[in-house]
Structure formats: C-alpha cells, structure tokens
C-alpha cells in the first residue's frame with residue numbers, strides 16, 4: 001500500500017465512509033482516524049498501530065448533540081459536566097463517561113465507559129462534520145512510540161500501513177488531551193494534558209490518579225509510553241551530568257544555554273570538556289506552551305541521530321509542566337509517579 005500525504009479532505013471523508021483509516025490533524029497531535037461506530041474499521045486502527053486490544057480509544061464527536069447518544073450521564077453529574085463542556089469544548093479535554101451500546105466494545109476495550117471529546121482543529125472539524133459520525137482517533141504512531149505532531153511524523157510511523165494522511169502543518173498543543181472523570185463533587189485527572197489541574201480546579205476538587213497505581217480505565221494510562229528508541233534519562237540540570245567514556249549523548253534542554261553546552265568528563269585523571277552531540281532547547285524563553293508544542297518533535301529529532309542516550313532536563317511541575325513531565329517520565333525507562341496537588 002502506498003501512503004499519500006495530501007490536503008484533500010473530501011478524499012479523507014470518502015475513505016472513512018468506506019471503513020478505511022486515515023491520518024488526521026487535531027489541535028493536540030495527529031490522530032489515526034476511523035468510523036467509531038464501525039468495529040471492523042476500528043480494528044484496522046489496532047492493526048496499523050500494533051496497539052494492544054486492552055487499551056481503549058478516544059471517540060471524537062461531530063457536535064455536542066452526540067454526547068448523550070454515545071454516553072450516559074447521571075443526574076448528579078449533569079451540571080459539572082455541562083460546565084466543563086461549555087468551558088473547554090471544542091478543545092483538548094476528554095471526558096470518561098458510562099458507555100451506551102451504540103459504541104462498539106472494541107473501541108472501549110470491553111470497558112463500561114467511553115472516552116469522548118470534540119476537537120477544535122478546523123480541518124478535523126470539517127471532516128467529522130461531513131462524515132456525520134463519531135471518529136475514533138488515537139495518536140497516529142505505532143504503539144508506545146513518540147506521538148506525531150506533523151504529517152511527516154505520521155508517514156515515518158505508518159508508511160505503507162494507511163492510504164492517506166491529511167497535512168495541516170504542525171499541531172498547536174503538541175500533547176495529547178487531558179482526560180478526566182467526574183466523580184460527585186470531584187474531578188479525577190486520569191491523564192494530564194493541555195487543560196491543566198489549575199484550570200480544572202475552578203470547577204471542582206481535583207484528584208490526580210497516578211498512572212502506575214490505577215487499572216486501565218481510559219486511553220493513555222500505561223506507565224511506559226511515548227518512548228523514543230534511544231534510552232532516555234531525566235535529570236535536573238545538564239551542568240551536573242557526566243557521560244560514560246565515549247558515550248554519544250543528546251540533550252533535551254529546559255534551562256537557558258549560552259552557545260554550545262559543554263559537559264565535563266573525567267578521563268585518566270584529567271578533566272576535559274565534551275560537547276553534547278546534539279542539543280534541543282524546548283523553549284529559549286522557558287515558555288511551557290512552546291515547550292509542550294516542541295516536545296515530541298525534538299524527541300523525534302534526537303532519536304533519529306543514533307545516539308547512545310538522550311538526557312532531558314526536568315521542567316517545572318506547575319501547570320502545563322506537569323503534563324510535559326508526565327510524558328518524559330513515561331518515555332524514560334523508569335516511570336516515577338507525578339506529584340499530587342497542590343503543585
């Protein structure tokens with residue numbers, strides 16, 4: 001199968017109607033899309049991504065009218081959910097709700113819940129509106145790998161596995177959506193994302209559920225995920241890092257640098273400077289939104305260099321930084337639990 005990158009939205013709609021899968025842009029990352037109500041089409045997502053069937057998918061809705069067609073909302077939860085939908089939809093917030101039978105079990109991995117959201121990306125919104133049905137769309141990469149933020153990233157991951165990728169440039173947020181579940185007077189954050197705990201705390205008490213302590217109840221909860229092929233370690237500051245002899249190391253930097261960063265390495269009793277073979281600074285101005293948008297792109301660039309190790313400096317854990325740290329911790333070989341609120 002030849003994979004084509006195009007801007008032909010009509011072709012994407014036609015393929016989706018035929019039960020095929022398509023790479024589509026969202027405001028978070030590029031998604032691998034299929035008709036969410038067609039279990040055979042959804043099965044193709046799992047096959048192309050090599051995704052385990054126990055990992056559920058997010059269902060994207062054409063409009064808010066579809067919300068209660070795919071999900072059940074109890075009387076107690078109606079008011080807080082309506083407030084969240086009014087404030088954050090369309091946008092990068094996913095709600096986990098009780099599933100209605102219209103949603104195939106393959107989409108929810110057999111769970112009694114379904115994860116739903118509405119994308120604010122104009123191209124995705126146009127395509128799903130024309131299709132007139134919900135779309136299942138996990139990130140358009142092979143399972144466990146770095147999520148794609150450009151059409152070219154999708155091609156690198158899924159070339160020959162899908163027919164069409166719709167190109168709409170780089171994604172806005174660069175991180176997958178925040179996933180929450182409303183429980184009485186509290187909001188459980190099941191996956192951190194662009195909508196921060198601080199923003200959600202305006203609506204209810206926040207409970208952050210650590211990925212390493214919970215059963216899978218929503219997409220994106222596996223403790224090891226978003227990983228480059230190259231081993232990745234998290235460090236506080238590159239100034240204190242020393243590589244092993246002849247180790248080829250790349251740096252994903254947070255702290256400002258003046259010129260090429262050098263690190264010290266002890267060899268035969270003498271101390272000499274050694275440059276990182278490659279440095280990518282998430283944000284020269286230490287802007288967390290810019291850092292989030294650059295995260296997966298820079299990880300891919302470093303991963304493509306054939307390094308022995310990538311070291312990534314920790315970003316602040318407040319606000320959007322918590323979501324960036326979540327992705328970096330899962331990408332590293334040792335997953336550590338994110339801190340509880342307050343941050």
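Values quoted throughout were computed directly from the atomic coordinates according to the rules given, and no laboratory measurement underlies them. All values derive from a computational prediction rather than experimental measurement. Cβ coordinates were reconstructed from backbone atoms using ideal geometry, including for glycine residues, and neighbour counts include every protein chain displayed.
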Practice item. Counting only C-alpha contacts under 8 Å and six or more residues apart, can you give the relative contact order of region 4-213 as a whole percent? Key: 30 percent
Check your understanding: Can you sort 2, 49, 18 by how many other beta carbons sit within 10 Å, fewest first?
Key -> 2, 18, 49
Study note, to complete from the structure: So the angle from the long Cα axis of helix 39-49 to the longest Cα principal axis of the chain, reported in degrees to the nearest 10, equals 10 degrees
Review point. Which percent, to the nearest 5, of DSSP beta bridges fully inside the chain are antiparallel?
Key: 45 percent
Check your understanding: Going by alpha carbons, how many degrees (0 to 90, nearest 10) lie between the helix axis of 122-131 and the longest principal axis of the chain?
Key -> 30 degrees
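For each of 88, 46, count neighbouring Cβ atoms within 10 Å of the residue's Cβ, then give the residues from fewest to most.
Taking fewest neighbouring Cβ atoms as first place, the list is 46, 88.
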Check your understanding: Using alpha-carbon pairs under 8 Å, 6+ residues apart, how would you state the relative contact order of region 48-135 in percent?
Key -> 44 percent
Check your understanding: Against the longest alpha carbon principal axis of the chain, how many degrees, from 0 to 90 and to the nearest 10, is the axis of helix 320-331 turned?
Key -> 80 degrees
Review point. Where does each of 132-145, 237-250 land if you order them by average Cβ count within 10 Å, highest first?
Key: 132-145, 237-250
Check your understanding: By count of other Cβ within 10 Å, fewest leading, how are 55, 8 ordered?
Key -> 8, 55
Exercise for review: With a 10 Å radius around each residue's Cβ, average the other Cβ atoms per peptide and rank 67-80, 96-109, highest first.
Suggested key: 96-109, 67-80
Study note, to complete from the structure: With 0.36 nm assigned to each residue of separation and the Cα-Cα distance removed, residue 286 to residue 198 gains 29.8 nm
Check your understanding: Going from the alpha-carbon gyration tensor of the chain, what semi-axes, largest first and in whole Å, does one get by taking the root of 5 times each eigenvalue?
Key -> 36, 24, 16
Check your understanding: So for the pair residue 314, residue 101, with labels modelled 7 Å out along Cα→Cβ, what separation do we get in nm?
Key -> 5.0 nm
